[in-house]
1. If I ask for residues that are more than 21 Å from I48 (Cβ to Cβ), in a strand (DSSP E or B) and more than 13 Å from the chain's Cα centre (by Cα), which ones from region 182-209 would you list?
2. Any idea which of (1) outside any strand (DSSP E or B); (2) within 30 Å of D47 (Cβ to Cβ); (3) not acidic (D, E) is the one T117 doesn't satisfy?
3. Please work out if T76 is modelled with pLDDT of 95 or more, polar (S, T, N, Q) and under 20 Å from the mean Cα position of the chain (by Cα).
4. Read through the list (1) buried (at least 20 other Cβ atoms within 10 Å of the Cβ); (2) out of contact with any strand residue (DSSP E or B) (no Cβ under 8 Å at 6 or more places or on another chain), then give the number of the only condition that G127 fails.
5. Tell me the residue from K32, K112, K53 that is over 20 Å from V175 (Cβ atoms) and of a type in the set (K, R), please.
6. Of the residues in region 133-181, how many are in a strand (DSSP E or B) and either at pLDDT below 90 or over 20 Å from G34 (Cβ atoms) (or both)?
7. Got a number for residues in region 178-209 being closer than 23 Å to I120 by Cα, of a type outside the set (V, I, T) and loosely packed, with under 15 Cβ neighbours inside 10 Å?
8. Just to be sure, is A85 modelled with pLDDT under 95, aliphatic (A, V, I, L, M) and surrounded by fewer than 19 Cβ atoms within 10 Å (Cβ to Cβ)?
Amino acid sequence: MKKLMTALVVAAFAGLVLLPGPAAADVQFGIKGGGNIANLNGADAQDIEGTLKTKVGFMGGVFLALNFGSVVTIQTEVLYTMKGATFQYVELEDTYTEKLYGDYIEIPLLLKLRIPTPGIQPFVFAGPSVGFKLREKLTINGEDIPLEEKLLKNNDYGAIFGAGLNIGKHFMLDVRYSMGLQKVIDIAEGDEPVDIKNGVWGATIGIAF
């Protein structure tokens, strides 16, 4: 996974170096928002007590796109995104629902390839991302549980893959998967960090100016 992350970073920055300067690009700034479905995965996720389920959240923010010609776009974003997971378990015939909330500022650097059709343009994109934790919270059956020590690390990083549509010059929608590559749980088993990572499906609608 670290090799994949390195390759994505190198490819993204190589694209920035090889492409013409920003003065030769069509620059767009915009806002976007939507929803996501978050979960935890990794080798140790199966050891979590109870049934691991997804958690629905919000994502949204701003983006800056540099359009080079009719096909290539380099796009960076600053997004608020809600990650985490839901756990359900039974104890003495009572069912408990535990939710782990992890809210982040996520900054992707994306290489987008557009199909230059008139009116509606399909596109695909991929690139690395880095995230910074804003807050974490744990609830059981809707009640906040005080945390004496943090559960999640302060940062996250990963890779983003997705596809979407440009609708005219000013509207766009996309679906993406954010694959976490950082072991985010701040607990170790012996000398090894627990292998649990974020995984988030998201869908957004954007407006470009």
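The values are calculated or read from the model by the stated rules, or taken from the named source; none is laboratory data. Computed from a prediction, not measured in an experiment: that's the story for all the values here. A quick note on method: Cβ atoms are made from the backbone with ideal geometry, for glycine too, and the neighbour counts reach across all protein chains shown.
1. I205, G206, I207, A208
2. All conditions pass for T117, except number (2).
3. Values: modelled with pLDDT of 95 or more: yes; polar (S, T, N, Q): yes; under 20 Å from the mean Cα position of the chain (by Cα): yes.
Yes, satisfied.
4. Single failed check for G127: (2).
5. On the way: K32 fails: over 20 Å from V175 (Cβ atoms); K112 fails: over 20 Å from V175 (Cβ atoms).
Matching residue, one of K32, K112, K53: K53.
6. Initial filter on region 133-181 (in a strand (DSSP E or B)): 133-140, 143-144, 152, 155-167, 171-180.
Of the ones still in play, those that are also either at pLDDT below 90 or over 20 Å from G34 (Cβ atoms) (or both) are 133, 135-140, 143-144, 152, 155, 157.
Qualifying residue count for the region: 12.
7. Within region 178-209, the subset closer than 23 Å to I120 by Cα is 202-209.
In the following step, the residues that additionally are of a type outside the set (V, I, T) were identified as 202-203, 206, 208-209.
In the following step, the residues that additionally are loosely packed, with under 15 Cβ neighbours inside 10 Å were identified as 209.
The qualifying residues number 1.
8. Values: modelled with pLDDT under 95: yes; aliphatic (A, V, I, L, M): yes; surrounded by fewer than 19 Cβ atoms within 10 Å (Cβ to Cβ): no.
Against the criterion (modelled with pLDDT under 95, aliphatic (A, V, I, L, M) and surrounded by fewer than 19 Cβ atoms within 10 Å (Cβ to Cβ)), A85 does not qualify.
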